[in-house]
Amino acid sequence: MNFRDLVKSRRSLRRFVNTDVPYEMVELLIDAARWAPNAGNRQPWYFVVVKNKELISRLALEAYGMNWLTTAPLIIVVCAVGRRSAIYYGKRGRELYCIQDTAAAIQNILLCAKDLDLGSCWIGAFSRLFAHKF
């Protein structure tokens, strides 16, 4: 599939097959994220791969009750690390660039998932209390 077709055919899915995602595929998803453009190559992110069903249920609760998340075999939590961008770019890096950079990393994950024939959905609705726990 060429790139334009890949982009056009990507969809946000909310139903998943209960099949384990092989470690090698998870590595490819994270590697795709690492290659996303980011200000000053600060790479202001880290990735948490969650496969534990109890933790996935908690994430669904923290995502304002998006219970369909519990059907996902794994969730990649992408966390912005504002202080990495702030070192070079100050407040703008902490409050803007790290968010833009992380969004680009997520987009790469979504496109790579489509390329690997995996379902995916970007979730951005988490309670503020949850966000501060990391």
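Counted by Cβ distance under 12 Å from G82, the other residues give a net charge of +4, where Lys and Arg count +1 and Asp and Glu count -1.
Looking at the chain, the accessible area is 64 square angstrom per residue; that uses a 1.4 Å probe and ignores ligands, DNA and RNA. Once the trypsin sites (Lys or Arg not before Pro) in DSSP loops with at most 16 neighbouring Cβ atoms within 10 Å are cut out of the chain, the longest remaining piece is 52-132. Within the shell of other residues whose beta carbon sits under 15 angstrom from the beta carbon of R94, the net charge comes to +3, with Lys and Arg scored +1 and Asp and Glu -1. The residues packed around L111, meaning those with a beta-carbon under 15 Å from its beta-carbon, carry a net charge of +2 if Lys and Arg are +1 and Asp and Glu are -1. Largest GNM mean-square fluctuation among Y23, Y89, Y97, using the chain with Cα springs under 10 Å: Y23.
The values are calculated or read from the model by the stated rules, or taken from the named source; none is laboratory data. Since the model is a prediction, treat every value here as computed from it, not as a measurement. Here Cβ is always computed from backbone atoms with ideal geometry, including for glycine, and neighbour counts include all displayed protein chains. Accessible surface areas use protein heavy atoms only, side chains included; no ligands, DNA or RNA. Shrake-Rupley method; radii C 1.70, N 1.55, O 1.52, S 1.80 Å.
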